[in-house]
1. Inside the stretch 38-87, can you point out the residues that are in contact with a strand residue (DSSP E or B) (Cβ under 6 Å, 6 or more places away or on another chain) and of a type in the set (Ser, Thr, Tyr)?
2. Quick check on the stretch 83-110: of everything there that is in contact with a helix residue (DSSP H, G or I) (Cβ under 7 Å, 6 or more places away or on another chain) and either charged (D, E, K, R) or part of a helix (DSSP H, G or I) (or both), which residue is farthest from Ala73 (Cα to Cα)?
3. From the list Arg2, Arg88, exactly one residue is exposed (fewer than 15 other Cβ atoms within 10 Å of the Cβ), closer than 22 Å to Arg114 by Cβ and either of a type in the set (Lys, Arg) or modelled with pLDDT under 65 (or both). Which is it?
4. I'd like to know if the stretch 39-54 contains one or more residues that are loosely packed, with under 13 Cβ neighbours inside 10 Å, at pLDDT 90 or above and not in a helix (DSSP H, G or I).
5. In the stretch 59-71, how many residues are surrounded by 12 or more Cβ atoms within 10 Å (Cβ to Cβ) and out of contact with any Leu (no Cβ under 8 Å at 6 or more places or on another chain)?
Amino acid sequence: MRKRYSKIEKLTKQIKGKNTKDQHQKFSNVDWHAFSTNINENEKTLKQQLGTSEDIKFTHFTIKLQNDDALNAVLVAIDRLVDEEAKRNNILKPLIEHPLQEKPNDDLKQLRERISVKEITVEDNLLR
């Protein structure tokens, strides 16, 4: 039995893959774009890729650092698939209320330790 993939799952598989842009386009009508270090560019790219569905929710927040610096962040979730109270209490609140010791590095260890969720998937090679 073949598993059917949603548009989000297909997009995630494309982003994770190490194939070229041309190889991605053979299998989907979605254009592949690598993430940048600019959060606004990334949000724009995600909105273009995911379409205009009202089910896709972008939550903007700021992660404080102990050196009085801050990181802008955005949490992307699918409405009705993500419990709002769990999102608020287990992800947003722990990241907003207590400053991180330093800017998170590539392994995101501080963020993983801070939030209480069952599974965290770290995607590699998303920056261009």
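The values are calculated or read from the model by the stated rules, or taken from the named source; none is laboratory data. Not measured: the values here are computed from a predicted model. When we count neighbours, we look across all protein chains shown, and the Cβ atoms used for this are built from the backbone with ideal geometry, even at glycine.
1. Answer for the stretch 38-87, where residues must be in contact with a strand residue (DSSP E or B) (Cβ under 6 Å, 6 or more places away or on another chain) and of a type in the set (Ser, Thr, Tyr): Thr59, Thr62.
2. Step by step, filter the stretch 83-110, then rank; the result is Pro94.
3. Arg88
4. no
5. So the answer is 2.
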